[in-house]
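Some notes on the structure that comes next.
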Amino acid sequence: MADKPIVVETQNLTKVYGDGGAVRALDGINLTIREGEFVAVMGPSGSGKSTLLNLLGALDRPTSGVCRVAGQDLTRVVDLDRFRSKTVGFVFQLHNLIPTLVALENVEIPMYEQPVSAAARHERARRLLELVGLGGRLRFLPSQLSGGERQRVAIARALANDPQLVLADEPTGNLDWELSQESTEELMGLMRQLNRDQGTTLVVVTHNPAVARSAERIITLRDGHILRDKRIDNVYLEDLKEFKESALGRAILQGTLPAELPALTTILPKLRELLKAA
Ligand SMILES: Nc1ncnc2c1ncn2[C@@H]1O[C@H](COP(=O)(O)OP(=O)(O)OP(=O)(O)O)[C@@H](O)[C@H]1O
Ligand SMILES: [Mg+2]
């Protein structure tokens with residue numbers, strides 16, 4: 001991973017909202033994200049997650065510090081619209097889809113700024129919708145699609161220009177709206193697949209630990225600072241470590257499990273071994 005090109009680099013990235021009694025939404029963030037990484041950003045409400053995403057996607061300007069995306073210093077980019085449409089794909093909330101356009105047309109929108117023929121635009125949109133499992137819904141309006149399907153259209157649209165960086169803010173829901181667990185898993189499986197197959201660099205903001213587990217790196221923000229930046233080399237090992245700290249895990253390790261758990265007794269020694277090694 002260390003030899004891959006850097007896609008995102010921030011130095012002392014700071015965002016202060018308002019003047020005077022201002023809110024330091026981000027405070028001196030130093031971050032490097034390389035090509036092909038799948039990063040989850042977590043942290044409590046108000047910790048600066050959306051602010052960070054907005055700065056990375058050039059939707060907002062930093063108060064101070066450096067923010068470089070795909071080799072470009074965002075404070076120096078003159079045509080931010082062009083930068084956004086060429087380099088970044090956004091998956092934000094549902095209402096980002098245009099309600100009067102069918103799925104295919106929604107996915108075509110970002111491509112209007114590119115020098116491609118209508119036929120090529122059509123074909124790419126169709127292929128992307130197939131990729132996200134919506135080949136049979138090309139002519140459906142957003143209102144005719146389920147929440148999960150709409151979000152998949154949003155992902156297809158985010159990929160339309162083959163962006164170097166895909167930014168997703170709560171792609172599986174927030175406090176107002178949430179996908180079912182099944183759809184969440186499906187959607188995250190899809191994002192992981194895109195990340196692996198196409199080497200897309202993904203930064204996903206989420207409250208949902210199950211979503212974060214799809215990533216290979218979890219950055220936790222707190223009050224505008226990076227509290228933790230953790231790489232998950234092995235999800236199973238992480239799970240095992242977590243289990244080891246649980247009451248049941250501790251009981252297994254200490255041999256204090258009630259004896260009347262016959263189903264467990266055969267695997268208990270092996271389980272204990274695994275936990276010890278974790
Ligand atoms: N446009 C704004 N004007 C003033 N303050 C803002 C603005 N946007 C965000 N803030 C403040 O900046 C801080 C960080 O906000 P941000 O939206 O980044 O949080 P978040 O981590 O995304 O939270 P959530 O999980 O609730 O979406 C919050 O204290 C918020 O009140
Ligand atoms: Mg937010």
| task | Return the total of residues in region 56-73 being charged (D, E, K, R) and part of a loop (DSSP other than H, G, I, E, B). | result | 2
| said: I'd like the full set of residues that are surrounded by 19 or more Cβ atoms within 10 Å (Cβ to Cβ), among the hydrophobic types (A, V, I, L, M, F, W, C) and at pLDDT below 85, limited to region 195-211. | reply: V211
| Pick from region 46-73 the residues that are touching a residue at least 12 places away in the same chain (Cβ under 8 Å) and of a type in the set (S, T, N, Q): which of them is farthest from ligand 2 (Cβ to nearest atom)? | Q72
| query | Does S214 satisfy the condition of being assigned to a loop (DSSP other than H, G, I, E, B) and of a type outside the set (A, V, I, L, M)? | reply | yes
| remark: If we keep only residues of region 88-115 that are at pLDDT 90 or above and β-branched (V, I, T), then the residue farthest from L190 (Cα to Cα) is T100
| Regarding R76, is this residue in contact with a Ser or Thr (Cβ under 8 Å, 6 or more places away or on another chain), more than 16 Å from ligand 2 (Cβ to nearest atom), outside any helix (DSSP H, G or I) and of a type in the set (D, E, K, R)? | no
| query | Considering only residues of region 133-179 that are within 16 Å of ligand 2 (Cβ to nearest atom) and part of a loop (DSSP other than H, G, I, E, B), which is modelled with the lowest pLDDT? | reply | L175
| said: Can you tell me which residue is modelled with the highest pLDDT among those in region 212-243 that are among the small types (G, A, S) and away from ligand 1 (no atom under 16 Å from the Cβ)? | reply: A215
| query | From G89, G133, which residue is within 30 Å of C67 (Cα to Cα), of a type in the set (G, A, S), assigned by TED's automatic domain parsing to the domain that holds D73 and under 21 Å from the mean Cα position of the chain (by Cα)? | reply | G89
| note | Picking from A40, A25, the residue that is touching a residue at least 60 places away in the same chain (Cβ under 8 Å), over 25 Å from D197 (Cα atoms) and of a type in the set (G, A, S) would be A25
| request: Within region 113-128, identify whether any single residue is surrounded by 15 or more Cβ atoms within 10 Å (Cβ to Cβ) and either among the acidic types (D, E) or in contact with a Phe, Trp or Tyr (Cβ under 6 Å, 6 or more places away or on another chain) (or both), and answer yes or no. | output: no
| field | Residue pairs meeting the criteria (Cβ under 6 Å; at least 6 apart or on separate chains; first free of Cβ contacts under 8 Å to residues at least 40 places away in the same chain, in region 229-258; second part of a loop (DSSP other than H, G, I, E, B)) | value | I232/E216; E238/I232; L240/A278; K241/A278; K244/A278; A251/L257
| note | Restricting region 1-19 to residues that are among the acidic types (D, E) and outside any strand (DSSP E or B), the one nearest to ligand 2 (Cβ to nearest atom) turns out to be D19
| said: If I ask for residues that are assigned to a helix (DSSP H, G or I) and either surrounded by fewer than 24 Cβ atoms within 10 Å (Cβ to Cβ) or near ligand 1 (Cβ under 6 Å from one of its atoms) (or both), which ones from region 35-55 would you list? | reply: K49, S50, T51, L53, N54
| message | Of all residues being away from ligand 1 (no atom under 16 Å from the Cβ) and small (G, A, S) in region 56-82, which is nearest to L202 (Cα to Cα)? Just the residue, please. | response | A70
| message | Looking at the structure I just gave you, is T32 surrounded by fewer than 22 Cβ atoms within 10 Å (Cβ to Cβ), more than 12 Å from ligand 1 (Cβ to nearest atom), of a type in the set (S, T, N, Q) and within 19 Å of the chain's Cα centre (by Cα)? | response | yes
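The values are calculated or read from the model by the stated rules, or taken from the named source; none is laboratory data. Model, not experiment: these values are computed from the prediction. Cβ sites come from the backbone with ideal geometry, for glycine too, and all protein chains shown count toward neighbours.
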